[in-house]
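Q: First the structure, then my questions, so here it is.
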Amino acid sequence: MTRVFSGIQPSGEMHLGNYLGAVRQWVIDQHEYDSIFCAVDLHAITTQQDPDDLRSKTLDTVAGLIAAGLDPEQCILLVQSHVHEHTDLAWLLECTVSFGELSRMTQFKDKSARQSGDFVSAGLFTYPALMAADILLYDTDRVPVGEDQRQHLELARDVATRFNSRYGDTFVVPEAAIPKTAARVMDLQAPHNKMSKSVDSVAGTVLVFEEPSAIAKKFKRAVTDSDTEVRFDPDEKPGVSNLLSILAACVGREPADVADEYTRYGDLKVATAEAVLAVLEPIQTRRTELLADPAELARLIEIGASKAEELAVKVMDRARNAMGFLPRG
Ligand code: TYM
């Protein structure tokens, strides 16, 4: 059966881009494929995290994913640092990827440029090798992600192919699965930039667990374009096209079709806010219930870790043997 793996960083609150670009697809995939989803806390520490904050955000992320529709009976849901094979394999892959390849990662260039105080961790640079490890560790075929992860996925494929040709057939070469609509949700205030946890754009970022009235206000104030025509044209009309993509993704239609129904920006904004809230409100209610029972959440997280570990150990052994590490007595 097709194996699916994907992950989300618990470094901030889940936003609408995470949900529409990735998590929504995971919820569907879990019923069709053998699926594993991960709160990637080891990725989060590539930029400095407050320890208490990291703990609570990791728990929050797991609760958020379950609230969004992941069912720990249907998929494996784990916290990355609970399965140490992720970091074990990452080192093997760091030695299989080149400095040049890592230097070409646009996300590294963007994020390192944004770090305050000039401290750029080595982990931020080698991060794509850890991401490749996450994927290859489970013989993953399909990786549902947003558009911004395409380059990292290409690198994971290159690393798998290189490892296989150097050391013999060891890893499955994965494929990215990027949604047709809302693969790159843009910032509502700066529609040339993607919506992001790490960019300081409160008004432009819609959080999945934000007050409904605040969400409605953000859509009302969304930047549109200078003319008045409602048309789907991401290059010429990024603000309006972003709203159309969000609305279309929420109602399961094409952005260009949805555009035909609106002549005024104001109506489009109201309709988009309503469609988003119709999707998010039930998720918000479920999360509140889940966070009220931390013992149950801890139990689910432990189940995920032990199921994942069972799979990871086997692939890790395969990789060690292929590379020539001496087995223990
Ligand atoms: P992260 O935590 O930045 O984002 C989680 C998922 O959300 C998608 N996404 C978006 N989609 C549409 N529009 C946006 N504005 C937007 N912003 C984020 C991302 O593409 C992603 O799918 N490195 C990854 C996490 C990761 C991972 C993995 C993913 C670690 N290991 C292995 C897949 C497989 C990341 O930082 O995602």
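Q: Scan region 119-131 residue by residue and report those that are more than 8 Å from the ligand (Cβ to nearest atom), in contact (Cβ under 8 Å) with a residue 12 or more places away in the chain and aliphatic (A, V, I, L, M).
A: Scanning region 119-131 gives L124, A129.
Q: Considering every residue within region 35-43, establish whether at least one is small (G, A, S), out of contact with any Ser or Thr (no Cβ under 7 Å at 6 or more places or on another chain), part of a loop (DSSP other than H, G, I, E, B) and outside the structural domain of V251 (by TED's automatic domain parsing).
A: no
Q: So A63 fits all but one of (1) hydrophobic (A, V, I, L, M, F, W, C); (2) more than 24 Å from A275 (Cα to Cα); (3) within 16 Å of the chain's Cα centre (by Cα); what number is the exception?
A: Here A63 meets the rest and fails (2).
Q: Kindly check whether there is at least one residue in region 28-41 that is more than 10 Å from the ligand (Cβ to nearest atom), modelled with pLDDT under 95, of a type outside the set (G, A, S) and more than 17 Å from the chain's Cα centre (by Cα).
A: No; the residues of region 28-41 include none that is more than 10 Å from the ligand (Cβ to nearest atom), modelled with pLDDT under 95, of a type outside the set (G, A, S) and more than 17 Å from the chain's Cα centre (by Cα).
Q: Hey, among V230, V270, V276, which residue is surrounded by 13 or more Cβ atoms within 10 Å (Cβ to Cβ) and either in contact with a Pro (Cβ under 6 Å, 6 or more places away or on another chain) or free of Cβ contacts under 8 Å to residues at least 40 places away in the same chain (or both)?
A: So the residue among V230, V270, V276 that is surrounded by 13 or more Cβ atoms within 10 Å (Cβ to Cβ) and either in contact with a Pro (Cβ under 6 Å, 6 or more places away or on another chain) or free of Cβ contacts under 8 Å to residues at least 40 places away in the same chain (or both) is V230.
Q: Within region 117-131, does at least one residue satisfy the condition of being closer than 30 Å to G324 by Cβ, charged (D, E, K, R) and in a helix (DSSP H, G or I)?
A: No, there is no match, as no residue in region 117-131 is closer than 30 Å to G324 by Cβ, charged (D, E, K, R) and in a helix (DSSP H, G or I).
Q: Please enumerate the residues belonging to region 132-156 that are assigned to a helix (DSSP H, G or I), out of contact with any Phe, Trp or Tyr (no Cβ under 6 Å at 6 or more places or on another chain) and within 12 Å of the ligand (Cβ to nearest atom).
A: A132, A133, D134, E147, D148, Q149, R150, Q151, H152, L153, L155, A156 - these are the residues of region 132-156 that are assigned to a helix (DSSP H, G or I), out of contact with any Phe, Trp or Tyr (no Cβ under 6 Å at 6 or more places or on another chain) and within 12 Å of the ligand (Cβ to nearest atom).
Q: Separate question: I want to confirm something. Restricting to region 157-177 and keeping residues that are within 11 Å of the ligand (Cβ to nearest atom) and touching a residue at least 40 places away in the same chain (Cβ under 8 Å), which single residue is nearest to D233 (Cα to Cα)?
A: Out of the qualifying residues, it is A177.
Q: Report whether or not P191 is within 10 Å of the ligand (Cβ to nearest atom), part of a loop (DSSP other than H, G, I, E, B) and of a type outside the set (K, R).
A: No, not satisfied.
Q: For region 168-188, how many residues meet the condition of being aliphatic (A, V, I, L, M) and outside any loop (DSSP other than H, G, I, E, B)?
A: Looking only at that region, the number is 3.
The values are calculated or read from the model by the stated rules, or taken from the named source; none is laboratory data. Model, not experiment: these values are computed from the prediction. Backbone-built Cβ (ideal geometry, glycine too); neighbour counts: all protein chains shown.
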